[in-house]
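Here the structure comes first, spelled out in structure tokens, and everything after it is commentary.
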2 protein chains.
Amino acid sequence: MSTEEAEEADTENAATENHEFDPLKTEIMRATYRALITQGYSDLTMQGIADEFAKSKSLLYYHYDGKADLLAEFLEFALHRFETEIAVEEDDPAEQLRTLVDRLVPEELEEDSYHVQIALLELRSEAPHEDLFRDQYTAVDERITAVISGILRRGVETGTFTDIDPETEAELLVSLLIGARTRRLTTYEEFDVRETRRALETYLDRLPSTEDGTTVGGAEPARDGMTIDEAGSTEDDDGPERPDH
Amino acid sequence: MSTEEAEEADTENAATENHEFDPLKTEIMRATYRALITQGYSDLTMQGIADEFAKSKSLLYYHYDGKADLLAEFLEFALHRFETEIAVEEDDPAEQLRTLVDRLVPEELEEDSYHVQIALLELRSEAPHEDLFRDQYTAVDERITAVISGILRRGVETGTFTDIDPETEAELLVSLLIGARTRRLTTYEEFDVRETRRALETYLDRLPSTEDGTTVGGAEPARDGMTIDEAGSTEDDDGPERPDH
């Protein structure tokens, strides 16, 4: 990679668009996304992915050694899409955190997101047995932590936050978000998303801030985090139920 | 159940000791525990559990419809053991919370606990597809939340904590703990348990308290949470690696 290219890749959007994913691989990743929605992780096969893929199945095997290899790249793909998702535009660090939390634990969870998130959770629970996944999830957790600690660090620099250790705080927030998302997926109807969102607000409110006591801005309309919107949904998805929640 | 029995079952230890688990079922649960350690969740079969069980395999089928049914009861068994684990003796609510956090995210994780926790995470990730597991995990999360909000409520009553909503705070803490445990299991070597424990301390320190600024007591020696000590370990466990962390 030339210095120029490296610089370009350094800007967040460019990184997401360019990173290793040529059009063919992007097509494969989208087929994987659709296959995960319709078939779930446990039942997923290379054939199942091929069924969602317009081109020849042999192309899948040409590029990937097998399901684990392909899914590891899918995690990387998802991570990059995710980084676009959470590249919040706001300037104000406190507001940026609020938007991030709102995107990761939205009030309503769309059905497609729900299915992909379940598949991702299953992949995560496979991580102890599968090095490829573990490496990817380590990268995922590190990236999210870096994004959050970056926001917090900027908040300390600009004087929005006082007396916090950005790294420690980021660690806390990442566990909190992953825990909330995991609970939501696994207890579903019983999960009180409003109470959890209130709890997350409480946490943010309690971050030592120069504007203590004031809530910095309201949350914007809910969006689903960790989705891959561009991948599109399947035409007629009458797969497993459990819609918005 | 007579009123007397109901009252007795109401005290925490009694509930754990008596709850539905007669000696035979306890033996089956211990066999399941050992099978989960040696075989993991994905490869687990009724035969695998039978192999760890001194009595006849037909007894397993007499008591359980199949693997899912047996594992659902195992989750209930684990929950009750877990409640004994977290029945902290301290009187002081702040100290009680610290001990609880310390037990759930101990500095070192013993190998057996690690394997059982991985199996439990896999079961959790199956919850979206398996009603029996979802019901149990809902109960698990509700129970932990109730224990924590109970401690917090007592803290408010005794004046240890001020200006907190025990329910909201418990919600936050449960997500935080589940998230930290999940990340630890799935990224393993890369997971910085010390930083996470510092983060948890920070959270506890920041709970509005009448003794603001002071750390209430030190953490006691680390123990593994969510273990089933009495189940004992297998004699020669040279199964999957990944020891203390």
Where rotation carries B onto A, the chain B residue whose Cβ is nearest that axis, in whole Å: B:G179, 1
Rounded to the nearest 20 debye, dipole of the range A:53-127 from Cβ charges on Lys, Arg, Asp, Glu: 640
Amide H within-cut-off set for B:S209, under 5 Å, with H built and near neighbours excluded: B:T162
Separation between Cα centres of the range B:104-123 and the range A:48-91, rounded to whole Å: 30
Cβ-vector label at 7 Å, A:D205, separations to other copies in nm: 2.3
All-pairs alpha carbon distance profile, the range B:148-188, 5 Å steps from 0, percent: 6, 24, 22, 15, 12, 10, 8, 3
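For B:S175, A:S113, which order do you get if you count the other beta carbons within 10 Å of each Cβ and list the fewest first? List each step's numbers first, then the result.
Values: B:S175 27, A:S113 21.
Ascending number of Cβ neighbours within 10 Å: A:S113, B:S175.
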For B:K25, inter-copy label distances in nm, listed shortest first [label point 7 Å out on the Cα-Cβ vector]: 5.3
Using a Förster distance of 41 Å, the FRET efficiency for A:E157-B:T162 (Cβ separation, nearest 0.05): 0.85
Measure of compaction for the range B:47-174 (Cα Rg per 2.2 N^0.38 Å): 1.28
Label 7 Å beyond Cα on the Cβ vector: A:E189 copy-to-copy distances, nm: 4.4
Cα centroid of the range A:143-185 to Cα centroid of the range B:133-195, whole Å: 18
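No lab work stands behind these numbers, since they all come straight from the coordinates. Just so it is clear, the model here is predicted, and its values are computed rather than measured. As a convention, Cβ positions derive from the backbone with ideal geometry for all residues, glycine included, and neighbour counts pool all protein chains shown.
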